[in-house]
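The values are calculated or read from the model by the stated rules, or taken from the named source; none is laboratory data. Worth saying up front: this structure is predicted, and the values here are computed from it rather than measured. As a convention, Cβ positions derive from the backbone with ideal geometry for all residues, glycine included, and neighbour counts pool all protein chains shown.
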Amino acid sequence: MRCPFCHNPDSRVVDSRETDEGATTRRRRSCPGCGRRFTTVEEAVLAVVKRSGVTEPFNRSKVIAGVRRACQGRPVDEDQLAVLAAQVEDAVRCTGSAEVPSHEVGLAILRPLRDLDEVAYLRFASVYRSFSSAADFEKEIAEMRAKRASVAEIASADLPPPVIPRAGGSVSADAPPGATDPIG
Ligand SMILES: [Zn+2]
């Protein structure tokens, strides 16, 4: 970062702290040329547009809070929630847009949550997609099973063993696919 006083092209960070729940980072910098100090604020350009039209910075903590509610009583720990939030942020950033509608953040949550915990996924999806009947759950579960079956199919295809991904972490080695199905 260039010094704003003497335009020295280099400066040294002497202090760095996150503010606003990590949405911004403030850095105190020192110029080796003139010795003066200045502060920079780094802020993610990723903004979430809420249904009301209000925009706010993307915030992993909010993703975690929402998903944590769906994970109550489920074997999901804080580390896994943190990883999921990072995956969601990556997915949202990959859209390449500086402003993302909040429902797209919700969509980005669904996939990693399905991989993490199917019950939590169904809870989250039921609220997020406004399930109105048991039939909505049945449809979602059928889709989940179809996806899992296609993953198993890919895993048992003709690729050499070392590169084959396991067909879902919940299927143990001595059980056939589907035997550990928590839904059925
Ligand atoms: Zn300077």
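Observations, loosely collected:
- Single residue of Arg17, Arg68, Arg12, Arg51 found to be closer than 22 Å to Glu104 by Cα, exposed (fewer than 13 other Cβ atoms within 10 Å of the Cβ) and either under 24 Å from the mean Cα position of the chain (by Cα) or within 16 Å of the ligand (Cβ to nearest atom) (or both): Arg51
- For Cys3, the test of being crowded, with 16+ Cβ neighbours inside 10 Å and either of a type outside the set (Ser, Thr, Tyr) or within 16 Å of the ligand (Cβ to nearest atom) (or both) is passed.
- Residue check, Thr40 more than 16 Å from the ligand (Cβ to nearest atom) and either among the hydroxyl-bearing types (Ser, Thr, Tyr) or touching a Ser or Thr at 6+ places or on another chain (Cβ under 7 Å) (or both): no
- Positions within region 107-139 being over 26 Å from Glu78 (Cα atoms) and not in a loop (DSSP other than H, G, I, E, B), in sequence order: Ala134, Ala135, Asp136, Phe137, Glu138, Lys139
- The strands (runs of 3 or more DSSP E) located wholly in region 23-81 include none with 3 or more residues which are out of contact with any strand residue (DSSP E or B) (no Cβ under 6 Å at 6 or more places or on another chain) and at pLDDT 95 or above.
Yes/no matrix, rows are residues, columns are (1) under 11 Å from the mean Cα position of the chain (by Cα); (2) surrounded by fewer than 19 Cβ atoms within 10 Å (Cβ to Cβ); (3) closer than 24 Å to Ser16 by Cα:
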position: Thr39; (1), (2), (3): no, yes, yes
position: Gly73; (1), (2), (3): no, yes, no
position: Glu78; (1), (2), (3): no, yes, no
position: Val83; (1), (2), (3): yes, yes, yes
position: Val92; (1), (2), (3): yes, no, no
position: Ser126; (1), (2), (3): no, yes, no
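- Annotation: of all residues in region 101-121 being of a type in the set (A, V, I, L, M) and in contact (Cβ under 8 Å) with a residue 40 or more places away in the chain, the one that is nearest to Ala86 (Cα to Cα) is Ile109.
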